[in-house]
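First up is the structure itself, then whatever we jot down about it.
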Amino acid sequence: MESSPITAPSTTVPGTTAPSIIAPSILAADFAHLADAVRDIEGAADWVHVDVMDNHFVPNLTIGLPVVQSLRKATTIPFDVHLMITDPERWAPGYAEAGAYNVTFHAEACENPVALAKTLRAAGAKAGLAIDRDTPVEPYLELLPYLDTLLIMTIKAGFGGQKFLPEMLDKVRDVRRRITAKDLQVRLEVDGGIAADTIEQAAAAGADAFVAGTAVYGADDPAEAVRKLRALAERSLAHS
Ligand code: DX5
Ligand code: ZN
């Protein structure tokens, strides 16, 4: 199965040319063994998704920069940092400087997303903008040329293990239409409740990067769970 073009992990530049990105969220892993959790998905996943929460933007508290700096040394897998924090202008550049591949901040927390995206790119990272459940995407479509990643939350940000909200896929379709119409190089990521029974509909709507916490780290074999999710996503992409 490893040699199948459908299940093989991408070997190209991460995040740029792979048809679909699978980004397991370590929020669902054992926080006492984070380095092991990341190594468990090396060779299978494209990115590792790191959920940073500040108990202010969202009512939950997870990990911050010191943990990311330490974990970065434990693996070569690209980091996809999802900042669910207020004042991202103050904190986001530090994650880029720590070597994160992609740094995503929330539209609801940022006054000038284009300026912050430029700062992140200047610091050597890809720049991502996240749209939470209750935020319409239309006002942000014109910012796509300044972004590398647009993340559509398919739950309300703050906690893992929530139920996927299929109505969020209308936003995914709107963003995909704009990316296609303007021929933009932007990853369209979905986050929340992504699992074997939901990833195909997200891919069919136009997503090409998939965060999965519970579906990967709740499985007996996280790497195998990643391969299964990739196969489902790419089958759906091939049909759409
Ligand atoms: C929640 C986080 C998600 C979370 C997803 O706010 O942004 O990345 O880990 O977890 P699952 O896949 O369990 O919904
Ligand atoms: Zn996330």
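The values are calculated or read from the model by the stated rules, or taken from the named source; none is laboratory data. Source: prediction; values computed, not measured. Positions of Cβ are generated from backbone atoms using ideal geometry, with glycine treated the same way; all protein chains shown enter the neighbour counts. These area figures cover heavy atoms from the full protein model, side chains too; ligands, DNA and RNA do not enter into them. Shrake-Rupley method; radii C 1.70, N 1.55, O 1.52, S 1.80 Å.
Long hydrophobic helices in the chain, taken as whole DSSP H segments with a C-alpha length of 18 Å or more on their own axis and mean Kyte-Doolittle hydropathy at least -1.0: 222-239. Backbone geometry of region 139-153 corresponds, through the Karplus equation with coefficients 6.51, -1.76 and 1.60 at θ = phi - 60°, to 3J(HN,Hα) couplings of x, 9, 4, 6, 8, 3, x, 9, 10, 9, 9, 10, 9, 9, 6 Hz, x marking Gly and Pro. Entry note, the chain: the mean residue ellipticity at 222 nm calculated from DSSP H runs of n ≥ 4, each adding -39500 (n - 2.57), is -9500 deg cm²/dmol after division by the residues and rounding to the nearest 500. Annotation for R177 and E97: the two label points, set 7 Å from Cα along the Cα-Cβ direction, are 4.2 nm apart. Calculated FRET efficiency, A32 to H56, Cβ-Cβ distance, R0 = 25 Å: about 0.50 to the nearest 0.05. Positive end of the charge dipole of region 21-239 (Lys, Arg +1 and Asp, Glu -1 on Cβ, about the Cα centre): tell me which of A203, S70, V226 has its Cα farthest that way. The Cα lying farthest towards the positive end belongs to A203.
Rounded to the nearest 20, the Cβ-based charge dipole of region 102-191 about its Cα centre (Lys and Arg +1, Asp and Glu -1) stands at 280 debye. Sparse packing (at most 14 other Cβ atoms within 10 Å of the Cβ) combined with a DSSP loop state is found for the following trypsin sites (Lys or Arg not before Pro) in region 153-206: K156, K163. Relative to its Kirkwood radius, the Cα radius of gyration of the chain gives an Rg/Rh of 0.92. Computed from the C-beta positions of V67 and L237 and an R0 of 35 Å, the FRET efficiency is 0.55 to the nearest 0.05. With a cut-off of 13 Å between beta carbons, the residues surrounding P88 carry a summed charge of -4, where Lys and Arg count +1 and Asp and Glu -1. Using only alpha carbons, region 149-240 has a radius of gyration to Kirkwood radius ratio (Rg to Rh) of 0.97. Normalised by the number of residues in the chain, the average gap of Cα pairs under 8 Å and 6 or more apart makes the relative contact order 21 percent. Taking the accessible area of the chain, probe 1.4 Å, and keeping the other protein chains in place, the carbon and sulfur fraction comes to 53%. Compared with the alpha-carbon gap, the fully stretched path from E142 to R90 is longer by 16.3 nm at 0.36 nm per residue. Each part gets one Cα centre, and for region 210-235 versus region 120-138 those centres are 24 Å apart. Remark: the chain carries a charge dipole of roughly 440 debye about the Cα centre, counting +1 on each Lys and Arg Cβ and -1 on each Asp and Glu Cβ.
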